[in-house]
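Worksheet: the structure to be examined is printed underneath.
The values are calculated or read from the model by the stated rules, or taken from the named source; none is laboratory data. Just so we're clear, the structure is a prediction, and the values are computed from it rather than from any experiment. Please note: Cβ atoms are built from the backbone with ideal geometry, for glycine as well, and neighbour counts cover all protein chains shown. Accessible surface areas use protein heavy atoms only, side chains included; no ligands, DNA or RNA. Shrake-Rupley method; radii C 1.70, N 1.55, O 1.52, S 1.80 Å.
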Amino acid sequence: MRRDNSSKGDRVDKRIALVSGGLGGLGTEICRQLAQAGCRVVAADLGQRPERVDAFLSELGEQSAAASFRPLDVADFEACARLVHEIEAEHGALDILVNAAGITRDVTLRKMNPAQWREVMRVNLDGVFN
């Protein structure tokens with residue numbers, strides 16, 4: 001897919017991919033595969049720990065040049081909308097969205113308290129909607 005970004009004076013050949021949960025094991029591998037396929041990849045994840053971002057870029061190896069990181073809480077609707085607008089302003093329209101963000105609380109359902117349940121649903125279910 002070729003897009004003309006005449007306002008920037010160049011042509012954009014790469015598809016733009018956003019991967020939520022991009023710093024996790026599965027998310028990182030998805031980012032790697034998309035970068036190997038020629039995509040420009042934006043990995044979005046919680047950004048409290050800079051060492052996770054460094055590890056992510058290190059794990060991507062030579063594909064790290066095609067990837068970037070953006071902090072995001074997928075449970076925050078407005079933050080998700082802002083990030084999409086920022087990516088579109090920087091790279092053009094999104095071509096691919098992978099919702100890989102997810103959390104678990106290592107308790108059985110019958111032991112889970114209401115706050116844990118709401119947190120899991122905000123990330124795993126609302127995050128997909130957002």
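For segment 53-130, just say rounded, prolate or oblate: build the C-alpha gyration tensor, square-root its eigenvalues into a ≥ b ≥ c, call rounded for a/c under 1.5, and beyond that prolate if a/b exceeds b/c, oblate if not.
Oblate shape, in that a/c is at least 1.5 and b/c is the bigger or equal ratio.
Just order 103-113, 87-97, 25-35 by mean Cβ neighbour count inside 10 Å, highest at the front, would you?
Descending packing order for the listed peptides: 25-35, 87-97, 103-113.
Keeping every protein chain present and rolling a 1.4 Å probe, give me the accessible area per residue for segment 46-105 in Å².
Per-residue value: 59 Å².
Looking at the chain as a GNM with Cα springs under 10 Å, which of Phe77, Phe69, Phe56 has the largest mean-square fluctuation?
Phe77
Separation between the Gln48 and Arg105 pseudo-spin-labels, each 7 Å from Cα along Cα→Cβ, expressed in nm?
1.5 nm
Checking the a/c ratio against 1.5 first, then a/b against b/c, what shape does the Cα gyration tensor give for the chain?
prolate
Fully extended, how many nm does the chain gain between Asn124 and Ser58 (0.36 nm per residue separation, minus their Cα-Cα distance)?
21.1 nm
Only Lys, Arg, Asp and Glu count, each charged at its Cβ (+1, +1, -1, -1), so figure out the dipole size of the chain about its Cα centre, rounded to 20 debye.
The calculated dipole for the chain is roughly 280 debye.
Choose one answer from Ser58, Ser20, Ser68: the residue with the largest mean-square fluctuation in a GNM of the chain with alpha-carbon springs under 10 Å.
In the Gaussian network model the winner is Ser58.
Between Met112 and Glu88, what length comes free when the chain is fully extended (0.36 nm per residue of separation minus the Cα-Cα distance, one decimal in nm)?
4.7 nm
Add -39500 (n - 2.57) for each DSSP H run of 4 or more in the chain, then divide by its residues: what number comes out at 222 nm, to the nearest 500 deg cm²/dmol?
Result for the chain: -11000 deg cm²/dmol, rounded to the nearest 500.
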